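Novice: One structure is given below, represented as structure tokens, and several questions about it will come after.
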Amino acid sequence: MPVSHDLQDIISGVSAAIAERQSWGRTELEQLRRSLNEAARGAGKAERAAIAGTGLIDSLVGGIEQGVADLAGLASRARAAQATGPEAGAAR
């Protein structure tokens, strides 16, 4: 699920609790903390994927401009990053 949807669910839950004047105990606060942690991890993954994608595009453009682009190698790295997730592209 996209981070924006996770955050919207959290906001909706908090808004409903405020409207109903609920007081949250330890269990509800722990659930909120876990939901926020999951949203933060999702945002981090999205940021790393964007950085990795930018790096791949920069490599391609630089190689094309210099006339030495290893398009096959770049394609292989991009395919490997895509297959294993955003972390693989960032670890390049």
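Novice: Give me SER15, SER59 sorted ascending by neighbouring Cβ count inside 10 Å, so fewest comes first.
Specialist: Values: SER15 10, SER59 17.
Listed from fewest to most nearby Cβ atoms, that is SER15, SER59.
Novice: Could you work out the relative contact order of the stretch 3-90, using alpha carbon pairs under 8 angstrom and six or more residues apart, expressed as a whole percent?
Specialist: Worked out over the stretch 3-90, it gives 29 percent.
Novice: Could I ask something else about it? Can you put GLU20, GLU47 in order, fewest other beta carbons within 10 Å first?
Specialist: Lowest count first: GLU20, GLU47.
Novice: Kirkwood Rh over alpha-carbon pairs of the stretch 3-90, then Stokes-Einstein at 37 °C and 0.692 mPa s: what D in µm² s⁻¹, rounded to an integer? Present the calculation step by step, with values, prior to reporting the outcome.
Specialist: Working: Rh = 15.9 Å.
After rounding, the answer is 206 µm²/s.
Novice: Give me the one-decimal nm value for the distance between modelled label points at ILE64 and GLU28, 7 Å along each residue's Cα-to-Cβ direction.
Specialist: Those two pseudo-labels are separated by 5.4 nm.
Novice: Where in the chain are the DSSP H helices whose C-alpha atoms run 15 Å or more along the long axis and whose mean Kyte hydropathy is at least 0.5?
Specialist: Passing helices, by number: 3-19.
Novice: What is the distance, in nm, between label points placed 7 Å from the Cα along the Cα-to-Cβ direction at SER4 and at LYS45?
Specialist: 1.8
Novice: Grab the other residues whose beta carbon is less than 14 angstrom from that of PRO2, score K and R as +1, D and E as -1, and report the net.
Specialist: Spelling it out: positives minus negatives among the neighbours equals -2.
Novice: OK, next. Local charge sum around ALA16 (other residues, Cβ-Cβ under 15 Å, Lys/Arg +1, Asp/Glu -1)?
Specialist: Result for the neighbourhood of ALA16: -2.
Novice: Given R₀ = 35 Å, FRET efficiency for VAL14-ALA83 by Cβ-Cβ distance, to 0.05?
Specialist: Once rounded, the FRET efficiency stands at 0.40.
No value in this document is a laboratory result; all are computed from the given coordinates. No experiment lies behind these values; they were computed from the predicted model shown. No Cβ is skipped: glycine too gets one built from the backbone with ideal geometry, and neighbour counts run over all protein chains shown.
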